[in-house]
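Here it is, the structure, as structure tokens.
The values are calculated or read from the model by the stated rules, or taken from the named source; none is laboratory data. A quick note: this is a predicted structure, and the numbers were derived from the prediction, not measured. Glycine gets a Cβ as well: all are built from the backbone with ideal geometry, and neighbour counts include every protein chain shown.
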Amino acid sequence: MQIIKDREIVEDNWLHLDDEAALVAGNITVSLARWQEQHETLEHHEGGLGLRLSGDDPLEEIVPDLARFSMIVLLFPVFTDGRCYSYAKLLRERYGFKGEIRAQGDVLQDQLFYMSQCGINSFELANPNRLTNALSAFDDFTESYQATVLRPEPLYRRR
Amino acid sequence: MYQYDKYDQMMVDQRVAQFRDQTRRYLAGELTEDQFRPLRLANGLYIQIHAPMLRIAVPYGLMSSRQVRKVADIARRYDKGFVHFTTRTNFQLNWPKLEDVPDILAELATVQMHAIQTSGNDIRNTTTDQFAGINAEEIEDPRPWAEIIRQWSTFHPEFAYLPRKFKIAIIGSETDRAATKLHDIGLHLVKNHDGEIGFEVLVGGGLGRTPIIGEQIRPFLEKEDLLSYLEAILRVYNRLGRRDNKFKARIKITVREHGINHIRELVEAEWVQIRDKLRLDQKEIDRVKAFFTEPDYDSNAADDTSFEAKLAEDEMFARWFKQNTFEHKIPGYRAVYVSLKKHGQAPGDITSEQLEVVADLADEFSFGEIRSTHTQNLVLADVKQADLYELWQRLQAEGLATANINTLTDIICCPGLDYCGLANATSIPLSKQIADRFDDMDYLYDLGDIKIKFSGCMNGCAHQSVGHIGILGVDKKGEEWYQFTLGGSSEADAAIGERLGKAIPKEEVVDTVSHLIDAYVDLRHEDESFLATVRRVGVDPFKERVYADN
């Protein structure tokens, strides 16, 4: 499957592992429940390890484990559920997460600008046939009034 | 007033381009109705019974004459030649074509206007007092702060998909003309014991199905901390607010379910983390304040004597002066209401021709600025007393001088069943009938300050639950019925009205208002207002009068 990562269309090299599925080598993501149950095994996983979070999951509880993950996947069950915008911003600004933050679920072109400003840098679009069109959304606006992850100073300091 | 620089202009221009493309994709079938809905709502566009409705922002209720002329022009060319002002100081076009909306937004952008975040689950237009900056009792002009909030809240990437809509109101004096206690966040500029000016912050007020008065979350906030504190509240709400039930999604329910003390703990804990980073620079505060300096007032304005003479010789003028003008901090000046409540006309409506006259009058008499009010009227804020007589005559010629401000016929009313897809019942025609019933101006003045607020459904756009008399349209098996409440207020003494009794059929609504007024006249002590009387005697004596026949 193709995704958008750092504003480019790339082939995805991650496997989102169901809780029932056996562990495999390579880049995998797991749910919070699986991480909590099997973290000792997963600590020694060969390949990239990613964690999937939804807005229902307690973000602050996984902060001590963040260093173990090279990717955090944020789930948008419907695109109107905006909780994970705050998660992305906190992961970047407060908890210093430097790895990949990926939006998954009901991810649409018209949300990409805001998501990217909050620190999400890869996107599994709900409609993977429109990736080329969607790339233009990152340039919907060339400025933001606010301090964002991509522009840490508010606009008024650049005026 | 604030003027866009290249950044502000670029932002609204890019918004128009973005929405033009979104509309094109929707019409081409690339976006579903569900996907398009939040995008159009974030640009003020509703799909209503008869046609789309476009709500256009008037940030903190302030417009230039140039903007008002453009609005008149747009209403004429893209709509039926009139607009409707709302309780949040915005205005609405009721009949635009969906495919024209990108062009309408592009035209608005040429005069620094937009429809950004006038609907949808985002941070809405920040509203304020129509007498901001001209009012002698004011602690500080709230408009620069409203502009600072406007910029912070516009396209805030983290808060574009909140659990529900989010409204902020700010005032700079004790008198509350902006219903701040009924907003998600209410901000009051206050002075602390050391004489420093800052904000008292209220949270969790709101109307609709569950009307709640906002509670204080912080007694004093330093001005430089405004944006960090707002951001902390919004972040806590974005994470905690309910998303399972849209009727429980407003922050008022979050505050009620978790308690103000717990919410305060969460907000303050969040705030501590972001406070330093988001502290406002004095340079930015000064930059914005520089747009709201006093106009070039005539220091001899109070020397004029023609005004006193006109007051003495023309009783109609004297009435209008008393009812429709407001004192100004500069001697010899008054603020003037342009009444959009002419009897027999839909409250808050104004035609393109009238808008153009108001723009001309603003240029001639009030430094070219026009304000819109929470009560769905307009204000010319800086008029010399020597000009009042001519201004009155010219307003009168346009039907804009009905001397009924703050009387029973200054009704706040939503569009209702005739225009709105949400409504259960008619509101505007009944408001007109109430105004017709009370067309004796002397009687109206004798009755004094009575605020009727009339909504056509539970969403409560006319804020009926805080009306002195609130009227709410409800649907009962396909028939229109009306639930009355008494004793509400949206001001400093904010209160939710108490139910009068069982709902009333449509044909008895006007009679019911008459019964309530008759009861008030019998019950009142000398000079006692309607609200004070209701609060003293309670609802029962009114109830007896209204339901006596049944």
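Out of B:A115, B:A106, report the one residue that is among the hydrophobic types (A, V, I, L, M, F, W, C) and either under 25 Å from B:K165 (Cβ atoms) or within 22 Å of the chain's Cα centre (by Cα) (or both).
When all the criteria are applied, what remains is B:A115.
From B:A115, B:A132, B:A146, B:A106, which residue is farther than 23 Å from B:D13 by Cβ, of a type in the set (G, A, S) and at pLDDT 95 or above?
One residue alone meets the criteria, B:A132.
Among B:I74, B:I56, which is the only one that is within 23 Å of the chain's Cα centre (by Cα), free of Cβ contacts under 8 Å to residues at least 60 places away in the same chain and surrounded by 20 or more Cβ atoms within 10 Å (Cβ to Cβ)?
None of the others qualify; the one that does is B:I74.
Tell me the residue from B:A57, B:A51 that is away from chain A (no Cβ under 14 Å) and farther than 26 Å from B:V288 by Cβ, please.
B:A51
Okay, next question. With (1) in contact with a Ser or Thr (Cβ under 6 Å, 6 or more places away or on another chain); (2) within 14 Å of another protein chain (Cβ to nearest Cβ) as the list, and B:R76 as the residue in question, which single condition is left unmet?
Evaluating B:R76 over (1) in contact with a Ser or Thr (Cβ under 6 Å, 6 or more places away or on another chain); (2) within 14 Å of another protein chain (Cβ to nearest Cβ) leaves (2) as the failure.
Considering only the stretch B:204-220, I want to know if a residue exists there that is hydroxyl-bearing (S, T, Y) and in contact with an Asp or Glu (Cβ under 9 Å, 6 or more places away or on another chain).
no
A further question on this structure: Got a number for residues in the stretch A:106-127 being in a loop (DSSP other than H, G, I, E, B), facing chain B (nearest Cβ under 8 Å) and over 18 Å from A:R151 (Cβ atoms)?
Of the residues in that region, 1 qualify.
So how many residues does the stretch B:27-41 have that are in contact (Cβ under 8 Å) with a residue 12 or more places away in the chain and more than 8 Å from chain A (Cβ to nearest Cβ)?
4
Quick grid of which residues meet (1) within 25 Å of B:G344 (Cα to Cα); (2) modelled with pLDDT under 95; (3) among the polar types (S, T, N, Q):
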| site | (1), (2), (3) |
| --- | --- |
| B:Y445 | yes, yes, no |
| B:G467 | yes, no, no |
| B:E491 | no, yes, no |
| B:V513 | yes, no, no |
| B:E528 | no, no, no |
| B:V534 | no, no, no |
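Follow-up question, since we're still on this one. I'd like to know if the stretch B:120-131 contains one or more residues that are within 30 Å of B:H328 (Cβ to Cβ) and within 14 Å of chain A (Cβ to nearest Cβ).
yes
Look at the stretch B:424-441 and say how many of its residues are over 12 Å from B:E507 (Cα atoms) and either touching a residue at least 24 places away in the same chain (Cβ under 8 Å) or surrounded by 18 or more Cβ atoms within 10 Å (Cβ to Cβ) (or both).
12
Okay, residues lined up against (1) more than 12 Å from chain B (Cβ to nearest Cβ); (2) in a loop (DSSP other than H, G, I, E, B); (3) crowded, with 20+ Cβ neighbours inside 10 Å:
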site: A:G47; (1), (2), (3): yes, yes, no
site: A:E61; (1), (2), (3): yes, no, no
site: A:Y87; (1), (2), (3): no, no, yes
site: A:T132; (1), (2), (3): yes, no, no
site: A:T148; (1), (2), (3): no, yes, yes
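Moving on. Consider B:D244 carefully, then state whether it is at pLDDT below 95, more than 17 Å from B:E265 (Cβ to Cβ), surrounded by fewer than 22 Cβ atoms within 10 Å (Cβ to Cβ) and over 22 Å from the mean Cα position of the chain (by Cα).
Judged against the criteria, B:D244 is a match.
Let me ask another. Mind listing whichever residues of the stretch B:272-291 are part of a helix (DSSP H, G or I) and either surrounded by 12 or more Cβ atoms within 10 Å (Cβ to Cβ) or away from every other protein chain (no Cβ under 14 Å) (or both)?
B:Q273, B:I274, B:E284, B:I285, B:R287, B:V288, B:K289, B:F291, listed by residue number.
Okay, residues lined up against (1) farther than 17 Å from B:V357 by Cα; (2) outside any helix (DSSP H, G or I); (3) in contact (Cβ under 8 Å) with a residue 60 or more places away in the chain; (4) within 23 Å of the chain's Cα centre (by Cα):
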site	(1), (2), (3), (4)
B:D387	no, no, no, no
B:G399	no, yes, no, yes
B:D410	yes, yes, yes, yes
B:G421	yes, yes, yes, yes
B:Y443	yes, no, no, no
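Taking the stretch B:328-346 on its own, how many of its residues are closer than 20 Å to B:Y445 by Cα, out of contact with any strand residue (DSSP E or B) (no Cβ under 7 Å at 6 or more places or on another chain) and at pLDDT 95 or above?
So the count comes out to 1.
Further, regarding this structure: Quick check: is even one residue across the stretch B:317-331 of a type in the set (A, V, I, L, M), farther than 29 Å from B:F454 by Cβ and assigned to a helix (DSSP H, G or I)?
yes
Still on this structure: Restricting attention to the stretch B:1-18, which residues are farther than 12 Å from A:T142 by Cα, facing chain A (nearest Cβ under 10 Å) and either touching a Pro at 6+ places or on another chain (Cβ under 9 Å) or touching a residue at least 12 places away in the same chain (Cβ under 8 Å) (or both)?
Selection gives B:A17 alone.
Go over the candidates B:R40, B:R15 one by one and state the one that is assigned by TED's automatic domain parsing to the domain that holds B:Q92, more than 30 Å from B:G133 (Cβ to Cβ) and either charged (D, E, K, R) or in a loop (DSSP other than H, G, I, E, B) (or both).
Every option except B:R40 fails the conditions.
Exactly one condition in (1) within 10 Å of the chain's Cα centre (by Cα); (2) in a loop (DSSP other than H, G, I, E, B); (3) not aromatic (F, W, Y) is not met by A:A103; state its number.
(2)
Next question. Among the residues that make up the stretch B:245-267, is at least one of them assigned by TED's automatic domain parsing to the domain that holds B:H183 and under 20 Å from A:V149 (Cβ atoms)?
no
For the condition more than 20 Å from B:L380 (Cβ to Cβ) and surrounded by fewer than 19 Cβ atoms within 10 Å (Cβ to Cβ), what is the one hit in B:E308, B:E294?
B:E308
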